[in-house]
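A.B. asks: Attaching a single structure in structure tokens format; questions to follow.
The values are calculated or read from the model by the stated rules, or taken from the named source; none is laboratory data. Just so it is clear, the model here is predicted, and its values are computed rather than measured. No Cβ is skipped: glycine too gets one built from the backbone with ideal geometry, and neighbour counts run over all protein chains shown. Side chains included, ligands, DNA and RNA excluded: accessible areas come from the protein's heavy atoms. Shrake-Rupley method; radii C 1.70, N 1.55, O 1.52, S 1.80 Å.
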Amino acid sequence: LSNVILHSADSKQNRKNLTECILFLMIFTSSGAGYHSESKAKEYKHACKRACQRAVDRLRAGGLALEAVTAALIELEDSPFTNAGTGSNLNLSGEIECDASIMDGKSLNYGAVGALSGIKNPVLVARRLLSETQKGKLSAGRIPPCFLVGKGAEQWAISHGIPACPSEKMTTKFSLSGYKRNKRKMELAEQVEMKRKRQFCEENNSACLDTVGAVVVDREGNVAAAVSSGGLAMKHPGRVGQAAHYGCGCWAENARDVSLYSTAVSTSGSGEHLIRTMLARECSTAMQAENAHQALLEAMQNKFISSPFLAGEDCVLGGVIVLRCCTCGEAQRSEDIQALLVEFLWSHTTESMCVGYMSAQDSKARTHISRLPPGAVAGQSLAIEGGVCRLGTVSD
């Protein structure tokens, strides 16, 4: 585990600048070795940096974790280089259908959309669904929805003031060329043996698995998580991936006891693998162990790669970003300041993953492209890295 220590200032005036804590977000990619060209790696990093900055700006303005994580996802969805929102993969019919979800660690409320077309920022719809559930029951005692899909989700979004956006405006030259290329390969694969089909899937993981997510802890110690995805390239219309499923795409939960950690998790990878293992919630539960690095390593190995729910799979593709935090013991005795100990880790079984992280005292985000160790086999091996920071927050 590589530690990143972010030192807090000594003066009370400077301490006030640390009342917002840390944002950690990721863009997830997977492909064969050598896939990331320098030019594209730079674009992924820039997207991470912009999203970090957007979220930290919201925190510095007094916003809480839920607002910050939404701001980060909007920036990532707007990037043409990610498989979320604008630039999403096209399905078999050549259409964009997006999945997204968001969870608030304080209230434990959740909102999600699946197979959503015609909306530029799916995370905004998920966020609005979450907000509406907090208002109580609808007329005639009906329970408000927290998860909507397809045309119903689009109609609900528009009726709640979220503007429509034609799919053609969300399609980029890159996503369209990818669709045409994949369609030609699929037509060819249908004419040859099954081995060729399998090779096609393995060669195109990069087009299938790019997903974005973010996890945040704010000045009050609240955590939030969100995830957004355009789904698998050439997926069947109506398919909903892990990004929309409860406990699979993201998870956020404030500590309910001083002896526990607050945790936030976002996942990406093969949606079917992540759904069947509920990896987001599994990793959150694992983070209550004393050693976060060891706990995440064991969760990825035992609950994902070697999961009995994936016994028939020989290539299990996925990744997570995890944040956990608690109030430092010695800080609890201070009258004017508390200190949050924040640990953030990432792990993946794919060839690579691009991550970015930033705290309120940082002038710019840090980014990193994590890769599997040399000789490691994607889907059977994993990489794990992370850091820790200690941040001051002014008490009320």
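A.B. asks: Scan Ser88, Ser93, Ser117, Ser107 and give me the residue that is closer than 19 Å to His236 by Cβ and free of Cβ contacts under 8 Å to residues at least 60 places away in the same chain.
C.D. replies: On inspection, the qualifying residue turns out to be Ser117.
A.B. asks: Can you tell me how many residues in the stretch 299-317 are open to solvent by 40 Å² or more (accessible area, probe 1.4 Å) and not in a loop (DSSP other than H, G, I, E, B)?
C.D. replies: So the count comes out to 5.
A.B. asks: Quick check on Lys173: is it under 20 Å from Lys120 (Cα atoms), open to solvent by 30 Å² or more (accessible area, probe 1.4 Å) and either modelled with pLDDT under 95 or touching a Lys or Arg at 6+ places or on another chain (Cβ under 8 Å) (or both)?
C.D. replies: Numbers: under 20 Å from Lys120 (Cα atoms): yes; open to solvent by 30 Å² or more (accessible area, probe 1.4 Å): yes; either modelled with pLDDT under 95 or touching a Lys or Arg at 6+ places or on another chain (Cβ under 8 Å) (or both): yes.
For Lys173, the condition - under 20 Å from Lys120 (Cα atoms), open to solvent by 30 Å² or more (accessible area, probe 1.4 Å) and either modelled with pLDDT under 95 or touching a Lys or Arg at 6+ places or on another chain (Cβ under 8 Å) (or both) - is met.
A.B. asks: Within the stretch 263-294, restricting attention to residues that are in a loop (DSSP other than H, G, I, E, B) and of a type outside the set (Asp, Glu), which residue is surrounded by the fewest Cβ atoms within 10 Å (Cβ to Cβ)?
C.D. replies: Out of the qualifying residues, it is Asn291.
A.B. asks: Please state which one of Asn3, Asn83, Asn89 is modelled with pLDDT of 90 or more, part of a loop (DSSP other than H, G, I, E, B) and open to solvent by 10 Å² or more (accessible area, probe 1.4 Å). Outline the logic, then answer.
C.D. replies: Numbers: Asn3 fails: modelled with pLDDT of 90 or more; Asn83 fails: open to solvent by 10 Å² or more (accessible area, probe 1.4 Å).
None of the other options fit; the residue is Asn89.
A.B. asks: Here is a further query. Out of Gly152, Gly105, which single residue is surrounded by 14 or more Cβ atoms within 10 Å (Cβ to Cβ) and either more than 25 Å from the chain's Cα centre (by Cα) or modelled with pLDDT of 95 or more (or both)? Give the derivation first.
C.D. replies: Numbers: Gly152 fails: surrounded by 14 or more Cβ atoms within 10 Å (Cβ to Cβ).
From the options Gly152, Gly105, the qualifying one is Gly105.
A.B. asks: Filter the stretch 89-124 down to residues that are β-branched (Val, Ile, Thr) and over 17 Å from Ser79 (Cα atoms), then give me how many there are.
C.D. replies: The total comes to 2.
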